[in-house]
Amino acid sequence: MTDVLGEILARADVKDASVYRADEVARWPRGVLDRLVGLGILREIEPAWTIECDGCMAGCLIRPDIALNPRTGRVEGYYLCRDEEYGGPMTFSAELFRRWELDFAGLCSAVARALGAKGAVVEDVAGRIGALGVVRLGDTLHDMFLARG
């Protein structure tokens, strides 16, 4: 989980880079996504309208039509790839459209809990600076903050 958390923290500072697609989180070790959601660090957001097509070598971003498959009863994406060599009708699981984003307030709360900070967690600048509370180090009390970007 530390590698994934390191990636999340690195991307937290990059504008619009803290959204994670289903194909990305599928490569994470089993249980990490559920753990990060449970800790409040990530939250699921609205599904993507486009996904990367893996049907040919072009790696196109496509916008499949979404419909209920009458045979399976599942919602799926349908797309007709026009690639001359690999093209044709394609079907995508609705799971591929799922996305998660960093919840900065949740990250602040998780860090405050890990530090054993006392007091309320407050976002001083929404999505950018969080006051985590007070931590005693030796005989000294320290106000702790988390900042991004």
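Below, the figures for the structure above:
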item	result
Among (1) over 27 Å from L146 (Cβ atoms); (2) not in a strand (DSSP E or B), the one test that A67 misses	(2)
Residue check for A110: surrounded by fewer than 18 Cβ atoms within 10 Å (Cβ to Cβ) and not in a strand (DSSP E or B)	no
Any chance W49 is in contact with a Lys or Arg (Cβ under 7 Å, 6 or more places away or on another chain) and of a type in the set (F, W, Y)	yes
Yes/no for G77 being within 19 Å of R21 (Cα to Cα), among the small types (G, A, S) and either modelled with pLDDT of 90 or more or under 26 Å from the mean Cα position of the chain (by Cα) (or both)	yes
Leading residue by the ranking (nearest to V111 (Cα to Cα)) among those in the stretch 33-49 that are part of a helix (DSSP H, G or I) and in contact (Cβ under 8 Å) with a residue 24 or more places away in the chain	L36
Residue pairs meeting the criteria (Cβ under 8 Å; at least 6 apart or on separate chains; first assigned by TED's automatic domain parsing to the domain that holds G87, in the stretch 60-72; second in a loop (DSSP other than H, G, I, E, B) and not polar (S, T, N, Q))	C60/C53; L61/C53; I62/C53; R63/W49; L68/R74
Test: residue in the stretch 26-33 that is basic (K, R), surrounded by 13 or more Cβ atoms within 10 Å (Cβ to Cβ) and under 14 Å from the mean Cα position of the chain (by Cα)	no
Any hit, the stretch 56-69, residues being over 28 Å from R113 (Cβ atoms) and of a type in the set (S, T, N, Q)	yes
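The values are calculated or read from the model by the stated rules, or taken from the named source; none is laboratory data. What you are looking at is a predicted structure, and each value in this text was computed from that prediction instead of being measured. Neighbour counts run over all protein chains shown; Cβ positions are idealised from the backbone, glycine included.
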